[in-house]
Amino acid sequence: MDYEGFFEGELARLRGEGRYRVFATLTRAAGRFPKAIWHGPQGPREVTVWCSNDYLGMGQHPEVAAAMQATIAAEGAGAGGTRNISGTNRLHVDLEAELADLHGKAAALTFTSGYVANWTALSTLAARLPECVVLSDEKNHASMIEGIRHSRAEKQVFRHSDPADLAAKLQALPRDRAKIVAFESVYSMDGDIAPLAELAAVAKRHGALTYLDEVHAVGLYGPRGGGVAEREGLMDRFDVIQGTLGKAFGLIGGYIAASAALVDFVRSSGSGFIFTTAIPPVIAAGALASVRHLKRSGVERAALAANGALLKRRLLEAGLPLLANGSHIAPVIVGCPRRCKRLADRLLAEHDLYVQPINYPTVPRGSERLRLVATPLHGSAEIEALVAALDRLWGELSLARAA
């Protein structure tokens, strides 16, 4: 077989469809987020980032940086091994206790990423629970889908955020059969928020274990940053709450919070936890500082909400096709991969505004978009400049306006 020919042919197909992904090379400017240095074809220059998942700018917060600097000076860089073999640091233990407290659970367990947390927890639970069936929201993240697939358990997909469809599928299953209902709180590409109370009630009525992904909500919602479930007073309704350290908390890593027995079961059985090197203590220290800060400070969350509302209002006033939702995420629909890429390229080259185009398979074909987030560190003048640039380019590229 001509292996190289195959690879080149597949890449050519992606380019032809306008879906070939080009990564912008950036250098983050310490203390100046959302500014960064873009290393483009004409050399380095400063740009404003509008698509970061560092939603609150905690990746550059002074308390986080100080904790990490102190830890690396005292302990060095790496963890030294897996959690089982020399890799469990006191900072891991402290961080897991802090995360358990954040979600009102007895225990928590950290992983190398949110993806690995979902993959490991769901694959382990679904594989080991006897005759388990997993009911998964049709818009669940790839990490959840992969974890369920790897478990080889039966899977049923229910309509997005539809308690009635979930109820119908659960009703058809034996009451005493092991069941997991898995869904997210904030869906990252559309920005919509699931009806947590209704979905949890349906699941509990049919004896199912509830698994809630709060990746795009932890740090951002609730009086202490516990997510949408905390904001709505529902944390006790969910058996497993999964989150990330790589978005609002500004670092990298993932975790689950649940009962002591469930967490210990995943710790003792999950291959994605057992056979990988632990997150470095320096990362755990930064995450611990970030979680503790956001537990006691609501300033960042309030500013995120205010800036997000301003950005959405200005996009709507400009007639741009904003996908309405109740979260901090502002998706602007373009509907064509080539035009989406062209729009993003011109924003960067002509206006020093960096937004990554979002294409299939991340979103369905025909719904290509720019996914914008106004963090607490974006100013009103920067929001106005972004909307003005979008408004002008929308007209020049003959893109469809809002109906």
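The values are calculated or read from the model by the stated rules, or taken from the named source; none is laboratory data. Computed from a predicted model, the values in this text were never measured in an experiment. Counting neighbours? That spans all protein chains shown, and the Cβs are built from the backbone with ideal geometry, glycine included. Accessible surface is based on the protein model in full, side chains and every heavy atom, while ligands, DNA and RNA are left aside. Shrake-Rupley method; radii C 1.70, N 1.55, O 1.52, S 1.80 Å.
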All positions within region 34-76 that are part of a loop (DSSP other than H, G, I, E, B), at pLDDT 95 or above and open to solvent by 20 Å² or more (accessible area, probe 1.4 Å): CYS51, SER52, ASN53, HIS61, GLY76
Residue list for region 262-277, filter: open to solvent by 40 Å² or more (accessible area, probe 1.4 Å) and closer than 16 Å to LEU99 by Cα: ASP264, ARG267
Residues being in contact (Cβ under 8 Å) with a residue 24 or more places away in the chain, open to solvent by less than 40 Å² (accessible area, probe 1.4 Å) and under 29 Å from SER367 (Cβ atoms) - total across region 162-188: 12
Residue identified as more than 21 Å from the chain's Cα centre (by Cα) and aliphatic (A, V, I, L, M) among LEU199, LEU173, LEU234: LEU173
Test: residue in region 18-27 that is at positive phi and either free of Cβ contacts under 8 Å to residues at least 40 places away in the same chain or in contact with a Gly (Cβ under 8 Å, 6 or more places away or on another chain) (or both): no
Selection count where residues are part of a helix (DSSP H, G or I), within 24 Å of GLY40 (Cα to Cα) and not acidic (Asp, Glu), scope region 349-403: 12
Selection count, region 102-144, where residues are without any contact (Cβ under 8 Å) to a residue 60 or more places away in the chain and under 22 Å from VAL228 (Cα atoms): 6
Counted residues, region 99-124 - those being closer than 30 Å to TYR360 by Cα, out of contact with any helix residue (DSSP H, G or I) (no Cβ under 7 Å at 6 or more places or on another chain) and of a type outside the set (Gly, Ala, Ser): 1
Any hit, region 290-303, residues being part of a loop (DSSP other than H, G, I, E, B) and open to solvent by 10 Å² or more (accessible area, probe 1.4 Å): yes
Candidate set from region 222-240 (those that are of a type in the set (A, V, I, L, M, F, W, C) and within 15 Å of ILE193 (Cβ to Cβ)); member that is most open to solvent (accessible area, probe 1.4 Å): LEU234
Subset of region 323-344 (residues that are open to solvent by less than 30 Å² (accessible area, probe 1.4 Å) and under 20 Å from the mean Cα position of the chain (by Cα)): SER327, HIS328, ILE329, ALA330, PRO331, VAL332
Matching residues in region 388-403 - criterion: being more than 14 Å from TRP50 (Cβ to Cβ) and open to solvent by less than 10 Å² (accessible area, probe 1.4 Å): TRP394
Scope region 194-205; condition closer than 14 Å to ALA182 by Cα and not small (Gly, Ala, Ser); matching residues: PRO195, LEU196, GLU198, LEU199, VAL202, LYS204
Any pair with Cβ under 8 angstrom, 6 or more apart, that starts in region 72-84 at a residue that is closer than 13 Å to ALA284 by Cα and ends at one that is open to solvent by 50 Å² or more (accessible area, probe 1.4 Å) and outside any helix (DSSP H, G or I): GLY78/THR277; ALA79/THR277
Residue in region 5-23 that is least open to solvent (accessible area, probe 1.4 Å), counting only those that are closer than 30 Å to ILE37 by Cβ and in a helix (DSSP H, G or I): LEU14
Matching residues in region 198-219 - criterion: being among the hydrophobic types (A, V, I, L, M, F, W, C), open to solvent by less than 10 Å² (accessible area, probe 1.4 Å) and part of a loop (DSSP other than H, G, I, E, B): ALA208, ALA217, VAL218
Identity of the residue in region 120-156, of a type in the set (Val, Ile, Thr) and over 30 Å from GLY87 (Cα atoms), that ends up surrounded by the most Cβ atoms within 10 Å (Cβ to Cβ): VAL134
For LYS247: the one exception among (1) closer than 18 Å to LEU99 by Cβ; (2) in a helix (DSSP H, G or I); (3) open to solvent by less than 50 Å² (accessible area, probe 1.4 Å); (4) basic (Lys, Arg): (2)
Hits in region 345-387 - residues which are open to solvent by 10 Å² or more (accessible area, probe 1.4 Å), free of Cβ contacts under 8 Å to residues at least 60 places away in the same chain and closer than 17 Å to PRO321 by Cα: PRO357, PRO364, ARG365, GLY366, SER367
Filtered residues of region 104-119 (kept if among the aromatic types (Phe, Trp, Tyr), closer than 17 Å to SER268 by Cα and open to solvent by 20 Å² or more (accessible area, probe 1.4 Å)): TRP119
For ASP192: the one exception among (1) under 30 Å from VAL373 (Cα atoms); (2) charged (D, E, K, R); (3) free of Cβ contacts under 8 Å to residues at least 60 places away in the same chain: (3)
